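Reading through the structure tokens given below for one structure.
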Amino acid sequence: MPELPEVETTRRGLAPHLVGQRFTHIRVREPRLRWPVPPDLAQHLTGRPVQALTRRGKYLLIHAPPGIALLHLGMSGSLRLVAQDTPAGPHDHVDLGLESGMVLRLHDPRRFGSLHWFEAAGPPHPLLARLGPEPLEPGFDGPYLYRISRGRRSSIKALIMNAQVVAGIGNIYATEALFLAGIRPRRAAGRITRAEAERLAAALRRVLEEALEQGGTTLRDFLREDGRPGYFAQSLRAYGRADHPCPVCQTPIRRIPQQGRSSYYCPRCQR
């Protein structure tokens, strides 16, 4: 699933091509995504100028006053800018036509993504209303993480992947941050110390900033908006490296199942 760096990389790449453009036409080939695409989406967007393209957690927000189109890329979704006469493939579900002659195309083989519309002047969309702080902004730090972890029996990895605790963190960056912080993924969240909370908050910021600098993580189902893969996979220290030597102590990295996903950790460096 695209995580915060992949979505932010997409936002940065698309913003210069979208902001200031008007939508000329909307074509929905397959409305059955994770939630149905609004049947009146074309009515809301056609003729509207794009005022801004922002991100909240793993969501992209296309600001087209008086409303906002809210996009989530799901497990395998991606966005492409293509010429209007570019033939659509079997998984190209939505086209947002621009006055530049380009089309913003939503490609989603698994159809776990979503596209919504809501009025900017009203309450926030329910998918945004309960999101936690952004991990790269001042509201997220060690004291916050320590405070919110008190009394929690869930694992520390589950806690930092909870979007109501911190927005935008998925399996890859949670794994990498826990490695840097020296904390095992199955540790009970309520048992981490203040010092460990500080280390973990700093580690999350570090891995996200590194990934943003390198264009995101190369996943099988994720490519950058220009069709080229990101490069952060070359820098992964633990994720996907089962049986490889730990880059710190050379102990083989272990893989364990955790909440339907794979977790990777060093049995010597992480406690």
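Listed values, structure above:
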| item | result |
| --- | --- |
| In region 220-261, residue modelled with the highest pLDDT [restricted to those that are of a type in the set (Ser, Thr, Tyr) and under 20 Å from Gly182 (Cβ atoms)] | Thr251 |
| Residue in region 94-117 that is of a type in the set (S, T, N, Q), crowded, with 21+ Cβ neighbours inside 10 Å and under 23 Å from Gly168 (Cβ atoms) present | no |
| Residue count for region 112-130, restricted to those that are over 19 Å from Gly77 (Cβ atoms) and touching a residue at least 24 places away in the same chain (Cβ under 8 Å) | 5 |
| So Ala174, is it over 17 Å from the mean Cα position of the chain (by Cα) and not assigned by TED's automatic domain parsing to the domain that holds Thr10 | no |
| Members of region 1-35 that are closer than 22 Å to Ile169 by Cβ and not in a helix (DSSP H, G or I) | Met1, Pro2, Glu3, Arg34 |
| Lone unmet requirement of (1) modelled with pLDDT under 95; (2) in a strand (DSSP E or B); (3) within 19 Å of the chain's Cα centre (by Cα) for Leu71 | (1) |
| Test: residue in region 120-140 that is in a strand (DSSP E or B), assigned by TED's automatic domain parsing to the domain that holds Leu14 and over 30 Å from Tyr265 (Cβ atoms) | no |
| Pick from region 179-212, criterion under 16 Å from Gln259 (Cα atoms) and of a type in the set (A, V, I, L, M, F, W, C), ranking: surrounded by the fewest Cβ atoms within 10 Å (Cβ to Cβ) | Ala188 |
| Residue within region 78-86 that is under 16 Å from Ala64 (Cβ atoms), at pLDDT below 95 and assigned to a strand (DSSP E or B) present | yes |
| Of the criteria (1) within 25 Å of the chain's Cα centre (by Cα); (2) at pLDDT 95 or above, which one His44 fails | (1) |
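The values are calculated or read from the model by the stated rules, or taken from the named source; none is laboratory data. Computed from a prediction, not measured in an experiment: that's the story for all the values here. A quick note on method: Cβ atoms are made from the backbone with ideal geometry, for glycine too, and the neighbour counts reach across all protein chains shown.
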